[in-house]
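Notes for the one structure printed next.
The values are calculated or read from the model by the stated rules, or taken from the named source; none is laboratory data. What you see is a predicted model; the values in this text were computed from it and never measured. So basically every Cβ, Gly included, is an ideal-geometry build from the backbone, and we count neighbours across all protein chains shown.
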Amino acid sequence: MDQIKNITFAEISIGESASLVRTLTVQDIELFAIVSGDVNPAHVDAEYAKSDMFHKVIAHGMWGGALFSTLLGTELPGPGTIYLNQSLRFLAPVGVGDTVTAVVKVVAKNEKNHGVTLDCTVINQKGMVIITGQADVIAPTEKIARERIVMPQAQLHIKGQRYHRLIEMTAGMQPIRTAVIHPVDTVSLIGAVEAAKAGLIIPVLIGPQAKIRQAAALAGIDLAPYELMPTAHSHAAAQLGVDLARTGQVEALMKGALHTDEMMGAVVHAQSGLRTERRMSHVFAIDVPSYPRALFITDAALNLFPTLEEKRDIVQNAIDLAHALGIAEPRVALLSAVETVTSTIPSTLHAAALCKMAERGQITGGILDGPLAFDNAVSAEAAKTKGIVSSVAGVADIFLVPDLEAGNMLAKQLEYLADADMAGIVLGARVPIILTSRADKTMSRLGSCAIALLLARNRAVVPLP
């Protein structure tokens, strides 16, 4: 068992030394900023510092005081050491990616108070001395040996960071003209306006004019830059938005303050809607702090109890979305309650059939595996423990749920218990449909708009006759 042992005052010799090696990462800087409260923009704001300064400057106190404190408290003298004083000089900056070696060396001892003076030096990978100084400590007089405590791994997550990346992917793209259906509350109106300011959409506000203007007044929004098409009520707004999409006058639809059923009723109408030969389905694009990649859940909003054939379309829609977002070969976990195929659980039969359909070319562009219970889908270790050999377990990008109820509960659990951010999009229609919840925040709406823009620019939208 790994232990931390000290060197007592009597055992310490002049000239004795200890060292440690560390490589600076962005996460080191961010963690230090969180603990210390040091949010100097030169350290943590890449936009302010720009790449040149950001990669050359850090809070030296972290790499001076903290590295030397680690050496003195765990190596030389080790446990029982009392820190008295430290003075450091910073001769050169440390950059992200630099590997530094911190060294402490005993230069003096004081028998009267068991004091020890140590020279402190930090050298970078180029052999350049970047920090020098001295530390005064009181060394322990009794031997101490303790089990080395393994600290938990810290994982930083900036809210909405994956949506920011999506927005960055749209750089240089022309915004999509988008029918915003019934934006009569401040939340949906602000979301549309912020998406316009971000260069994602050109909003066409459709709905009762008085209500839209009232919401704008409450939010302090000037509607002058935006086109407004008045309708008598939300049902008429949904139909007008669909008509504009059918004739190629808008490239996307965006849900405002109306029920999903009301908007989708106009979209799925057999004669006047936006149907294609592909089954329409909804995908939640979820940014989960504890999951190492973007996560897509489908279908949790449109298809209640999809058939096998409908699930084929749902999976293909999600794979096509992943391609548009830069995932070349997405991995699809076909979820069920268990990982074995059994006739008493229909979702396991569907999963097995979908895997065979992928082998036969009926589903293309992704890697499918299932049935997988949720623990096996998110954890390769869990799958290994159960003896499951899978190229999807633990690295799944897309989660196909058995039905809408399961998917909706899973998505909402991630949002409210795992602090996940949610964006939503409907696929399989003539145009992308930005389908967000009335409770969604602005960043989720921006993420959804970015997805719609990436989708629209990755395929030609042909107006119906």
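Which of the residues spanning the range 189-225 are closer than 23 Å to residue 172 by Cβ and surrounded by fewer than 21 Cβ atoms within 10 Å (Cβ to Cβ)?
194, 196, 197, 198, 199, 202, 225
For the range 356-465, please list each of the helices (runs of 4 or more DSSP H) lying entirely inside it that holds at least 1 residues being basic (Lys, Arg) and within 23 Å of residue 194 (Cα to Cα).
The qualifying helices (runs of 4 or more DSSP H) are 442-457.
Pull out all pairs, ordered by first then second residue, where Cβ-Cβ is under 6 Å, the residues are six or more apart or on different chains, the first lies in the range 160-177 and is more than 20 Å from residue 192 (Cβ to Cβ), and the second is part of a loop (DSSP other than H, G, I, E, B) and of a type in the set (Gly, Ala, Ser).
From the range 160-177, the pairs are 162/294.
Wholly within the range 93-148, which strands (runs of 3 or more DSSP E) include no fewer than the required count, namely at least 3 residues that are at pLDDT 90 or above?
Passing ranges, in order: 99-110, 115-123, 129-138.
Let me spell it out: the conditions are (1) modelled with pLDDT under 70; (2) part of a loop (DSSP other than H, G, I, E, B); (3) closer than 20 Å to residue 151 by Cβ, and residue 33 meets all of them except one. Which number is the exception?
So residue 33 meets the others, but not (2).
Conditions first: (1) modelled with pLDDT of 95 or more; (2) at positive phi; (3) out of contact with any helix residue (DSSP H, G or I) (no Cβ under 8 Å at 6 or more places or on another chain). Residue 387 passes all but one, so which condition is the exception?
Answer for residue 387: the failing condition is (1).
Would you check which residues across the range 448-465 are out of contact with any Gly (no Cβ under 7 Å at 6 or more places or on another chain) and either of a type in the set (Asp, Glu) or modelled with pLDDT of 85 or more (or both) and list them?
Result: 449, 450, 451, 452, 453, 454, 455, 456, 457.
Given the structure, is residue 221 of a type in the set (Val, Ile, Thr), at pLDDT 90 or above and part of a loop (DSSP other than H, G, I, E, B)?
Spelling it out, residue 221 is indeed of a type in the set (Val, Ile, Thr), at pLDDT 90 or above and part of a loop (DSSP other than H, G, I, E, B).
Report, by residue number, each residue of the range 348-390 that is of a type in the set (Asp, Glu) and buried (at least 18 other Cβ atoms within 10 Å of the Cβ).
369
Please verify whether residue 253 is in a strand (DSSP E or B) and either closer than 27 Å to residue 197 by Cβ or in contact (Cβ under 8 Å) with a residue 12 or more places away in the chain (or both), treating the condition exactly as stated.
It is true that residue 253 is in a strand (DSSP E or B) and either closer than 27 Å to residue 197 by Cβ or in contact (Cβ under 8 Å) with a residue 12 or more places away in the chain (or both).
Considering only residues that are under 24 Å from the mean Cα position of the chain (by Cα) and modelled with pLDDT of 90 or more, look in the range 287-306 and name the one that is farthest from residue 402 (Cα to Cα).
The selected residue is 295.
Find the residue count for the range 296-328, including only residues that are in contact with a helix residue (DSSP H, G or I) (Cβ under 8 Å, 6 or more places away or on another chain) and not in a helix (DSSP H, G or I).
Final tally of qualifying residues: 13.
If residue 51 meets every condition in (1) under 17 Å from residue 98 (Cβ atoms); (2) modelled with pLDDT of 50 or more; (3) under 26 Å from the mean Cα position of the chain (by Cα); (4) not aliphatic (A, V, I, L, M) apart from one, which number is that one?
Condition (2) is where residue 51 drops out.
Within the range 324-347, which residues are surrounded by fewer than 17 Cβ atoms within 10 Å (Cβ to Cβ) and touching a Gly at 6+ places or on another chain (Cβ under 8 Å)?
Scanning the range 324-347 gives a single hit, 329.
Among the listed residues 293, 278, identify the single one that is part of a loop (DSSP other than H, G, I, E, B), touching a residue at least 40 places away in the same chain (Cβ under 8 Å), among the basic types (Lys, Arg) and touching a helix residue (DSSP H, G or I) at 6+ places or on another chain (Cβ under 7 Å).
After ruling out the rest, the residue left standing is 278.
When the range 196-218 is examined, which residues are found to be among the aliphatic types (A, V, I, L, M) and outside any strand (DSSP E or B)?
196, 198, 200, 210, 212, 215, 216, 217, 218
Going through the range 88-117 one residue at a time, which ones are of a type outside the set (Val, Ile, Thr), in contact with a Lys or Arg (Cβ under 6 Å, 6 or more places away or on another chain) and surrounded by 15 or more Cβ atoms within 10 Å (Cβ to Cβ)?
Listed by number, the list holds a single entry, 95.
With the requirement that a residue be buried (at least 23 other Cβ atoms within 10 Å of the Cβ) and either out of contact with any Leu (no Cβ under 9 Å at 6 or more places or on another chain) or part of a helix (DSSP H, G or I) (or both), what does the range 281-290 give you?
Listed by number, the list is empty, since nothing qualifies.
When you scan the range 55-87, how many residues do you find that are crowded, with 17+ Cβ neighbours inside 10 Å, outside any loop (DSSP other than H, G, I, E, B) and modelled with pLDDT of 90 or more?
Number satisfying all stated conditions: 6.
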